[in-house]
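Values in this text are rule-based calculations from the coordinates and carry no lab data. In this text, all values refer to a predicted model and were calculated from it rather than measured experimentally. In this analysis, Cβ positions are derived from the backbone assuming ideal geometry, glycine residues included, and neighbour counts consider all displayed protein chains.
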Amino acid sequence: MTQRTNVVATEGAAAPQVGIVVHPVKQRSSDALAAVRRATRHRGWPEPLILETAIDSPGSTQVGELLSQGADRLVAIGGDGTVREVAAALSRSGPASEHVTLGVVPTGTANLWARTIGIHGASLDEAAVIAIDGATRDSDLAWLTLTEGDGTTRTHDVAVVMGVGMDAEAFAETAERAKAALGWAAYFVALGRRAVGEPMTLTALLDRREPVRESARTVLVGNCRVLPLGLPLMPSASMTDGQLDVLVVAPRSVIGWLGVAAGVVTRRRGAWTAMRTRRARHVVLDLDRPTAVHVDGDPVGEAMRVEIGVTPGAVLVRTGSAASDDPAARVRALVASPDPDLPARAGALQRSRRMSSDHAHEGLVRDAFLGLRGPDLTRFKSLLNSGRDHRDLEHLVYDVVDDEGLRRDILDHIASEAALVDVPDLHVLSDIDDTLRCALHDDRYPRGTVYPGVVALYRALDAGHAADPEAPGDLTFVTARPMDPFGLIEQHTRRGLRDLGLPPHAVLSGTFEGLRSHDAMAGVKLENFVRFRALMPETHVVFIGDSGQGDIEVGRRMLGADRDAVRLVLIHDVVALPDEKREALRSEGIVVVDTPAGGALEAYAVGLVSASGLTSVVAAAERELELIEWDSPEQAKATRALLERDLEAARTAHN
């Protein structure tokens, strides 16, 4: 590969500011850092801003710091784990993700990301040039939610591939020392030791297709096209198509592994290779026993259930070849198709960061909505809200579409189609602080505690009433926290939500003006509610807030603005409201509860949560209660008594 040179920025134009996140322990990292510095000096650009990763800070915090210091081109130096952290943080950086690019100089063991985007094999100097000044294209990321045997959920970002089964067990066995000595061969040694063993049995649900029950030794899901040595793993995989490739490896004997090897080399898939491939945007695997899982080669424990989804066009990546994809052409073709592929249409719009400034492109966004009717339109909007960054339904309609006339066309069409919906779906609008987790006014729990059972409550509300329980995007967090120019506050908010095992969700942010007082916060949240109702008028709403930051007034105004649509207002009491105040609020339609279990019981009483949903909240609350590290015995005793009271009431409610 020949080193490319670019013309230095024209006189008067601001030179790019490169920010580097480097994994200092990796071999060759210091040489890679020197190569990036040489490349910037050659162009006459300022010295790069450099931050190192650490065990307790693997990359995402560094991205926020570099953006705040003015970096407009990021470079990740390290292995796939470092790339994953940096890419995911950049994808959640709000407006910054629209223009800040990510380059990679790989110094890890496998470097699957570098192989997938086509820069593996380049010298450090060549990779550095591409990383700071290569062609740009949108790249997908994925996310993974694990459910352990006890019901605990955790969420991880995925850069290139996740695996469950034998390959994850091999990664868990491969020590860092062995990887340093043998490189990728250390993994193959561990894999060979596990060639003979019992298969796992799983049920796979891909998108909205019928579930498939099958046996396998390992399942890989992701965008990784090749293994080291150039061996094609999933030949059709792409990081730019909004899809995930699913590879099931199921040899029945040692001889069967010869078929697997032959299938990899020949790129053939079928019965004789013991490999099966499929494609999907959303994958759920239910496993017959706790099974090892890895993310980009990093072991992440065992799970009984894994859920994987794709975030299309999550990050703008620098590559070694000119970008050939045209997002506008892709959207245009999908809009013109007589058979609407809703996930593809939503994914194409979520990848359309380069469509944000042209009036013709705004018209194309409008056409994407106006070409859909009834349930298709509702599902399309939910799909837009199921992404993991700021490019959701609200962003498209209120930010990308700047023309008031075009926006009115979209909103009028949404309103007219909503009038034809017979069975409204249920959408949860929720506050975050002191509603999802203890943050400001609640002294009954250690600060930062996620309330026992609250995530299960969101899931029960989503599943218990929905016309389509599998529909994504039925949870929105409404916050007064502002969206700042660098997206750092929203990135912090989304990062705090990421690892909780929540269903797909959107975030409606506020403004700095909204932080002045509780009344101002209430006003911002109500504005968010009004905007939400304009976008999703065919849904019913449950609002969940707390008694400490104006959410009672938010609920009151919501009921006043649209009482028929607001099915339930739940207020988590964190300031010990007196009984007479609670009764007065209930008479207005505002229900005050002390725990998520109490909230689930109230929702069950009005038919918004099923009996099984109520049971799941109780089980989760019992389990999560035991994990709390209390500040004092007195705090534990008082809060446990409150929780046990609501848990007992919920246990007996449907007996």
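The slack in the chain from A14 to V212, taken as 0.36 nm per residue of separation less the alpha-carbon distance, amounts to 65.8 nm. Modelled spin labels at D150 and H99, positioned 7 Å past Cα toward Cβ, are 4.8 nm from each other. Using the Cβ-Cβ distance between R373 and E626 with R0 set to 60 Å, the FRET efficiency works out to roughly 0.75. Remark on G19: its backbone amide H falls under 5 Å from those of L49, D72, R73, L74, V75, a criterion applied only to residues 5 or more positions apart or on other chains, H modelled at 1.01 Å from N.
Computed from phi, the 3J(HN,Hα) profile of the range 300-312 under the Karplus parametrisation 6.51, -1.76, 1.60 (θ = phi - 60°) reads 10, x, 10, 8, 9, 8, 10, 10, 10, x, 10, 10, x Hz, with x in place of Gly and Pro. Note on S253/E634: beta-carbon distance plugged into 1/(1 + (r/R0)^6) with R0 of 51 Å gives a FRET efficiency of 0.25.
Scanning residues 5 or more positions from A506 or on other chains, those with amide H under 5 Å from its amide H are L475, T476, F477, with H placed 1.01 Å from N in the peptide plane. Taking 0.36 nm per residue of separation and subtracting the Cα-Cα distance, what length does fully extending A649 through A605 add? Going from the current span to full extension adds 14.7 nm.
Tally Lys and Arg at +1 and Asp and Glu at -1 over the other residues with C-beta under 14 Å from the C-beta of A54: what net charge comes out? Around A54, the surrounding residues sum to -3. In sequence order, the range 396-406 has phi-based couplings of 5, 7, 9, 10, 5, 7, 9, 6, 4, x, 5 Hz under the Karplus curve 6.51 cos²θ - 1.76 cosθ + 1.60, θ = phi - 60°, and Gly or Pro positions carry x.
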